[in-house]
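K.L.:
Have a look at the structure that comes next, please.
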Amino acid sequence: MTLPEDTLLENRYRIDGVLAHGSSGTVYRAFDVTINAPVAIKENFIETAQQVAQFRKEALILTRLAHPGLPQVSHYFGFEGQQYLVMAFIEGENLEEIVKKRSEPLPEAEAVGYLLQVCQAVSYLHRQTPPLIHGDIKPR
């Protein structure tokens, strides 16, 4: 179920709209009324106790990560049987939007620049103890 606009979560996060839908959840653009800043909120579609435990474990790991290529996760909570992650909202176009807008392949140097940024973030994840594997890298 998609949360309607203006829903207030945790007496703090106002839902402003949907950014993306996926098989495992929805990502919302929201506004943190406490600190007066935009945020992104990931809602996880979970069904089993094992999935709840896994999402919570991932949330605790994500809150300790700090890298310029990864959105900072600041809060994890449950609401009406769903679980949510709050993270920094990063303004701008994603790589999929950039490529579609241009209707042609990116110049090699630009593509390599984006790829290096991804590799730096993945390398950071792999250097964690224990190493972390990102299982959902895509242009968007």
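K.L.:
What accessible area per residue, rounded to a whole number of Å², is obtained for segment 49-140 using a probe radius of 1.4 Å?
P.N.:
Accessible area per residue, segment 49-140: 71 Å².
K.L.:
Then there's this: At 15 Å minimum axial length over the Cα atoms and a Kyte-Doolittle cut of -0.5, report the qualifying DSSP H helices in the chain, or say none.
P.N.:
What comes out of the filter, once short or polar helices are dropped, is 49-62, 108-126.
K.L.:
Another question, then. Highest mean first, how do 20-32, 122-134 rank when packing is the count of other Cβ atoms within 10 Å averaged over residues?
P.N.:
For the peptides 20-32, 122-134, the packing ranking is 20-32, 122-134.
K.L.:
Within segment 72-111, name every residue whose backbone N is under 20 Å away from a label modeled 7 Å from Cα of Leu65 along the Cβ vector.
P.N.:
Correct set: 72-78, 83-96.
K.L.:
Still on this structure, I have one more. Towards the positive end of the charge dipole of the chain, with charges on Cβ (+1 Lys, Arg; -1 Asp, Glu), say which of Asn94, Ala53, Leu106 has the farthest Cα.
P.N.:
Value: Ala53.
K.L.:
May I pose another question? Can you give the alpha-carbon Rg of the chain over 2.2 N^0.38 Å, where N counts its residues?
P.N.:
1.13
K.L.:
Moving on to the next point. Ignoring ligands, DNA and RNA, please state the percent of accessible area on segment 16-77 from carbon and sulfur, probe 1.4 Å.
P.N.:
Looking at segment 16-77 in its full context, I get 56 percent from C and S.
K.L.:
If a/c stays under 1.5 just call it rounded; otherwise compare a/b with b/c (prolate if a/b is bigger, oblate if not). Do that for segment 66-140, with a ≥ b ≥ c from the square roots of the Cα gyration tensor eigenvalues.
P.N.:
oblate
The values are calculated or read from the model by the stated rules, or taken from the named source; none is laboratory data. Predicted, not measured: the structure shown is a model, and the values here were computed from it. Positions of Cβ are generated from backbone atoms using ideal geometry, with glycine treated the same way; all protein chains shown enter the neighbour counts. Side chains are part of the model used for accessible areas, which takes the heavy atoms of the whole protein and leaves out ligands, DNA and RNA. Shrake-Rupley method; radii C 1.70, N 1.55, O 1.52, S 1.80 Å.
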